[in-house]
Amino acid sequence: MTPGGITHVVWDWNGTLFDDADALIASTIEAFARQGLPPVTPERYRALHTQPIDAFYDRLLGRTVPAPLRAALHAAFHDAYLCRRPGIGLAPDALAALRTAARAGLTQSVLSMHPHDVLAELIERFALGPHLVRVDGQRGADAGHKRDHLAAHLRALDRPPGAVLLVGDSVDDARAAAAVGTRCVLYASGLHSGTALRAEGVPVTRTLEDALAVALGPAR
């Protein structure tokens, strides 16, 4: 247990351990362009990003997206992202952060809204399994928000929320943590503006190692 009482770290995947924030933004820009819609800039993406994704698309378009267009945007995004995914690696200090947590005696898991089967394949691709006691992606329909997903993850781990640190990169991560009572640190991956992250009232860091320092204390 750390001085702060943390015994377990839950890592988000997309934009956190998996360095795909730029690919997510670029794929969304491409999806909107394919449909002939007004251009989406990275700055507008970061300022408006939210969950669920349907609400995000409404924000980007400035009105409710009609169902046929919504389906076309989802399909276009999926195609654009799949083309980019093979070239995406881990965050620069992801492995170092996992090792730091292990040396501190913390158990670790991954919780993501990414489809579970795809997530499991990526965890295997990067040989992260030995670091993790549990991996949970999205099974079935997308729930839109991480709150209930995080609560179920903690029940499966049999960990009290107060002993858990969630490290993510989104406003939704911070709100999920607040809802279930875990501590949270946000990693500024570039998916959200810094202003949006800081507005959640949790620590915001520029590296995953710094995010861990919130629980472990500064490196000596």
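The values are calculated or read from the model by the stated rules, or taken from the named source; none is laboratory data. All figures in this text were calculated on a predicted structure; none of them were measured in a lab. Here Cβ is always computed from backbone atoms with ideal geometry, including for glycine, and neighbour counts include all displayed protein chains.
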Look through region 1-44, keep the residues that are within 18 Å of Thr100 (Cβ to Cβ) and among the hydroxyl-bearing types (Ser, Thr, Tyr), and return whichever of them is surrounded by the most Cβ atoms within 10 Å (Cβ to Cβ).
Thr16
Suppose we filter region 56-73 for residues that are under 21 Å from His192 (Cβ atoms) and surrounded by fewer than 14 Cβ atoms within 10 Å (Cβ to Cβ); how many remain?
1
Hits in region 60-75 (condition: part of a loop (DSSP other than H, G, I, E, B) and either at pLDDT below 95 or hydrophobic (A, V, I, L, M, F, W, C) (or both)):
Val65
How many residues are surrounded by fewer than 18 Cβ atoms within 10 Å (Cβ to Cβ) and over 13 Å from Trp13 (Cα atoms) when one looks only at region 112-133?
7
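Being surrounded by fewer than 20 Cβ atoms within 10 Å (Cβ to Cβ), more than 21 Å from Arg155 (Cα to Cα) and among the β-branched types (Val, Ile, Thr) is the requirement here; does Thr100 meet it?
Working: surrounded by fewer than 20 Cβ atoms within 10 Å (Cβ to Cβ): yes; more than 21 Å from Arg155 (Cα to Cα): yes; among the β-branched types (Val, Ile, Thr): yes.
Yes; evaluated as a whole, the condition is true for this residue.
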Please list, ordered by residue number, the helices (runs of 4 or more DSSP H) wholly in region 99-194 having 3 or more residues that are hydroxyl-bearing (Ser, Thr, Tyr) and in contact (Cβ under 8 Å) with a residue 12 or more places away in the chain.
none
Since Ala47 meets every condition but one in (1) buried (at least 18 other Cβ atoms within 10 Å of the Cβ); (2) assigned to a helix (DSSP H, G or I); (3) at pLDDT below 95, which condition does it not meet?
(1)
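Can you give me the number of residues within region 50-75 that are under 30 Å from Leu128 (Cβ atoms) and among the small types (Gly, Ala, Ser)?
Start the filter on region 50-75 by keeping residues that are under 30 Å from Leu128 (Cβ atoms), which leaves 50-53, 56, 74-75.
From the residues that got through so far, the ones that are among the small types (Gly, Ala, Ser) too are 75.
Total meeting the criteria: 1.
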